[in-house]
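First the structure, in the form of structure tokens, and then the observations on it.
The values are calculated or read from the model by the stated rules, or taken from the named source; none is laboratory data. Every value quoted in this text rests on a predicted model; they were computed, and no experiment measured them. Methodologically, a virtual Cβ is constructed for each residue, glycine included, from the backbone with ideal geometry; neighbour enumeration extends over all protein chains shown. Accessible surface areas use protein heavy atoms only, side chains included; no ligands, DNA or RNA. Shrake-Rupley method; radii C 1.70, N 1.55, O 1.52, S 1.80 Å.
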Amino acid sequence: MEHIAVWVAAFLTLGIVSFLYKDNPWYKLSESIFVGISAGYWFVVLFWDNVHGKFWTGVFPPEEYDAAGNVITKDPDWMLWIGALLGILMLARLVPKFGWISRWPLAFIVGSTAGLYLINYFSSNMMRQVQGTIMPLFGMWQTDPATGEVMFQAFSTYDVVGNLVILIGTFTGLVYFFFSKEHRGVFGATAKVGIFFLMITFGASFGYTVMSRMSLLIGRVDFLFGTWLGLIK
Amino acid sequence: MITGIVGAVFVLQYFIPHWPFSKMNAWFSDWFSIVAAFAIWLGALNLMKISAQKVVGRKEDWGYALVIIFSFLLIVIPGFAGGQGYREAGTFFSWLYEWAYTPLSSTMFAILAFFVASASYRAFRARNLEASLLLIAAFFVMLGRVPVGDILTGFMPVGWRLSDLASWVMNYPQAAGQRAIMIGIALGLVSTSLRIILGIERSHLGGE
């Protein structure tokens, strides 16, 4: 079985790689298998995790036992039926005549996402990042636990330069994103510095992405030449 | 109305984590998980519907549509038949995941390396200062992440080698730009979310 599995994986891997030459039936076959299997995989996983795990076990709680072996009875959560009903209404979109019904679950999903994002992004992406930027630049006043004396602990040049870069980069980057004022004069010059920082960010992110893709590629080449052909020991 | 109430409850429960908002938040979170599962089902079932229409109508590439349906059923049937232990080692579902899904997904992302390389050839021409900065940052990060980077700069003192420069670029200027982008995205998301919750933005329901 292991032998067949390796050959199946090699066949599918080479099928996808063959696209580098040109679009061909082998690639299309592998791509179709990928599409079908991905859709099926999430179909099953979400059924067991969300529909069964949340709805079914909530409405029909399974019997649980305490340490003494007594049955713990859990009350069914009937409110979960509303979630299931909204979910079923979502499927109405499959029938064009009843597609309008899916607006209700869609409104629920959009409202939930808006509410969650408003809070989560504001606290993590906004407040925490601002908090991280407003920091001591050159050093910190610290109390010596032995003597109780308050001393100034200076940062190393490396850290000071780094802190200044973060402060200037974040501020100028934000100035660039401020489009309510024309980018001219001092404001324009500050925005220009922001562009430089954004370009460094894009370049670094690009390099990082390339390297992660390369590592995946190395993994596949290692599989083909090692696991499949046995050329790499 | 549904959007406004649900959105407002999620916001209010953050500031007032007590009854009734805490209870409503728990309900809405459970409903959200269930509806999200059905939303993914909708996508998968729609894929099946379109593929079946292609096969029945003998449209172009209908054979591949048949493969999609077959692959879908191939993983779904053992997934449901296997009960709650469908993902355990030794099941056909886990076999398909390990030997078909994983190789296919990782190869699909791996070949992007070639397309990225070809795109970068066109994008990375140092035409002006901005493009040069992009090029230099990418160069440092890419070479600094592989052993050859440190071999090439082995004559430099520790702290000034390519891997050190790559770490510095990632930790400071990159972090600064990333932070500005993140704050910008957060502000945009907050304003868009408020527009949705207050009913100003209704395009998701087909309105203006």
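Note on residue B:59 and residue A:95: with the Förster distance fixed at 25 Å, the Cβ-Cβ geometry gives a FRET efficiency of about 0.75. Distances between placed amide hydrogens fall under 5 Å for residue A:139 paired with A:155, all partners being 5 or more residues away or on another chain.
Among the helices of chain A, those built from whole DSSP H runs whose Cα atoms reach 24 Å or more along their own axis and whose mean Kyte-Doolittle hydropathy is at least 1.0 are A:157-176, A:185-222. With 30 Å² as the minimum drop in accessible area between chain alone and full protein complex (1.4 Å probe), the qualifying residues in region B:51-86 are B:64, B:67, B:68, B:71, B:72, B:75, B:80, B:84, B:86.
Each principal axis of the Cα cloud of region B:1-59 was evaluated for its coordinate range; sorted largest first, these ranges are 58, 19, 13 Å.
The relative contact order of region A:135-233 comes to 15 percent, based on Cα pairs under 8 Å that sit 6 or more residues apart. Inter-part distance, region A:133-151 to region A:10-61, computed on C-alpha centroids, equals 55 Å. Of the residues A:53, A:89, A:24, the one whose Cα sits farthest toward the positive end of the charge dipole of region A:1-108, with +1 on the Cβ of Lys and Arg and -1 on the Cβ of Asp and Glu, is A:24. Its residue count N sets the reference 2.2 N^0.38 Å, and the alpha-carbon radius of gyration of the protein assembly as shown equals 1.22 times that reference. Residues in region A:68-75 carry Karplus couplings, in order, of 7, x, 7, 6, 9, 8, 10, 6 Hz; the curve used is 6.51 cos²θ - 1.76 cosθ + 1.60 with θ = phi - 60°, and Gly or Pro positions show x. Over all pairs of different C-alpha atoms, chain B has a mean inverse distance whose reciprocal, the Kirkwood radius, equals 23.5 Å. Our note on the geometry: Cα centres of region B:87-105 and region B:154-172, 41 Å apart. Applied to region B:23-39, the Karplus parametrisation 6.51 cos²θ - 1.76 cosθ + 1.60 on θ = phi - 60° returns per-residue 3J(HN,Hα) values of 5, 5, 4, 5, 4, 4, 5, 5, 4, 4, 4, 5, 5, 4, 4, 5, 5 Hz, with x for Gly and Pro.
The base-10 log of I(q)/I(0) for region A:135-233, evaluated at q = 0.14, 0.15, 0.20 Å⁻¹, reads -0.76, -0.79, -1.00 [Debye formula, identical scatterers on Cα atoms, solvent excluded]. Buried between A and B is an accessible area of approximately 10500 Å², summed over both sides with a 1.4 Å probe. Calculated mean residue ellipticity, 222 nm, the protein assembly as shown: -21500 deg cm²/dmol, from DSSP H runs (n ≥ 4) at -39500 (n - 2.57) each, averaged per residue and rounded to 500. Summing Cβ point charges (Lys, Arg +1; Asp, Glu -1) relative to the Cα centre of region A:135-233 gives a dipole of roughly 600 debye.
Taking only the Cα atoms of chain A, the ratio Rg/Rh comes out at 1.11, with Rh defined as the Kirkwood radius.
Here the dipole of region B:98-208 is about 240 debye; that uses its Cα centre as origin and unit charges on the Cβ of Lys and Arg (positive) and Asp and Glu (negative). Share of carbon and sulfur in the accessible area of the protein assembly as shown stands at 68%, probe radius 1.4 Å.
Excluding ligands, DNA and RNA, the accessible surface per residue across region B:110-208 is 56 Å² with a 1.4 Å probe. Judged by the ratio a/c of the largest to the smallest principal axis of the C-alpha gyration tensor, region A:4-142 counts as oblate, that ratio being 1.5 or greater while a/b is no larger than b/c.
Please work out whether region A:48-126 counts as rounded, prolate or oblate from its C-alpha gyration tensor, where a ≥ b ≥ c are the square roots of the eigenvalues and a/c under 1.5 means rounded, while otherwise a/b larger than b/c means prolate and anything else oblate?
Oblate, since a/c reaches 1.5 and b/c is not below a/b.
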